[in-house]
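Asks: I have a structure here, written as structure tokens, and I will follow up with some questions on it.
Taken together, the values in this text are just the output of simple stated rules run on the coordinates, not laboratory data. Note that the coordinates shown come from a computational prediction; the quantities given were computed from them, not determined experimentally. Reconstructed Cβ throughout: ideal geometry from the backbone, glycine too, with neighbour counts over all protein chains shown.
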Amino acid sequence: MTSERLIISCHQPNFLPYLGFFDKMAQSDVFVIRNEVLFVRKEFHNRNRIRINSHDNINFPQSKWISVPVHDPQDNIIHVKIKRDFKTKGAFWNEILLKEIKTHYQRTRYFEDYFPELEEIFDNSHESLISLNMRIINFIARAFNIRTKIILASNLNLKPKNFEKSDASQDLANICKALNGKIYLSGEGGKVYLNKIPFERENIKVEFQEYKHPVYEQNYPGFQPYMAAIDALFCVGEMPEEKTFGREASKTKEEKIPAICQTQDGL
């Protein structure tokens, strides 16, 4: 692949992202974390789901939300702080969260391989949500052997530090332009809202992720898709075999990655 095929994709820094998040990352040359957009409490920024046991796993497989308690600043994700002193029945939030994960996954084949590092990440030392989420994202990306460059959108200095309403499509085109991207890989939801005109003005091609969720053996009978990716990590030990990567981006040719992308700023 040449520099004319530099693929950029973007995503908000979700908490314990699902497999589709990493599928899009794996298809890209540069994956931009949108930490300079508005935090939305009912989205996946500070919560996600794990598989749990139920009375009828085959017909009614169930899941459970786990979340990080945060102070909602009604501002960009980069400003969201974790409620580190939050307790339930005398236990800190991270202890409860780890207990939930351990309860439902400790008998999985790869639990002992990956849980210790996850336990270190959830040591309640992170002041900000973005710090915690980036540790998780990088951990899972390494576990899945994804070598895509990851950068924070805030480091591009394309938007104000505090939330201001803007045109989503223009923002994405600006990111691609700043990184010399030739292709913007959008999630499938972009088919609904994305305006291609800002991209066309910069000669940037827009493509859409075609993601079909793989089916794999979970810890309980039946199958529940769209769980946090640690579900697959603990159960399968890697990205499930039914990969749906529609294109193969070269991850070894550093020369085609703009200099601004050569660091993850320690994240």
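Asks: On a 25 Å Cα-Cα criterion, which of the cross-link pairs 64/161; 83/161; 159/205; 24/196; 102/212 come out too long?
Replies: Among 64/161; 83/161; 159/205; 24/196; 102/212, the Cα-Cα distance tops 25 Å for 64/161; 102/212.
Asks: HN-Hα J couplings of segment 65-82 from phi, Karplus 6.51/-1.76/1.60, θ = phi - 60°, integer Hz, Gly and Pro as x?
Replies: Karplus-based 3J(HN,Hα) across segment 65-82 equals 6, 10, 8, 10, x, 9, 8, 8, x, 6, 8, 5, 4, 4, 9, 6, 9, 7 Hz.
Asks: Something else now. Can you list the GluC sites (Glu not before Pro) in segment 101-169 that are in a DSSP coil and have 13 or fewer other beta carbons within 10 angstrom?
Replies: For GluC sites (Glu not before Pro) across segment 101-169 that sit outside H, G, I, E and B with at most 13 neighbouring Cβ atoms in 10 Å, the list reads 127, 164.
Asks: What is the diffusion coefficient of segment 90-207 in µm²/s, taking the Kirkwood radius over Cα pairs and the Stokes-Einstein relation at 4 °C with a viscosity of 1.567 mPa s?
Replies: In µm²/s, the coefficient rounds to 74.
Asks: Taking θ as phi - 60°, what are the ³J(HN,Hα) couplings along segment 87-101 by the Karplus curve (6.51, -1.76, 1.60), each to the nearest whole Hz, with x for Gly and Pro?
Replies: 10, 10, 6, x, 10, 5, 4, 5, 5, 5, 4, 5, 5, 4, 4
Asks: Let me ask something else about it. Among the trypsin sites (Lys or Arg not before Pro) in segment 80-110, which ones are in a DSSP loop with at most 16 other Cβ atoms within 10 Å of the Cβ? Mind listing them?
Replies: 83, 84, 89, 107, 109
Asks: So what are the ³J(HN,Hα) numbers for segment 139-144, from phi and the Karplus equation (6.51, -1.76, 1.60; θ = phi - 60°), rounded to whole Hz, Gly and Pro as x?
Replies: Along segment 139-144, the couplings run 4, 5, 4, 5, 4, 8 Hz.
Asks: Once you have a ≥ b ≥ c as the square roots of the Cα gyration tensor eigenvalues for segment 1-155, tell me rounded if a/c is under 1.5, and otherwise prolate or oblate according to whether a/b is larger than b/c.
Replies: oblate
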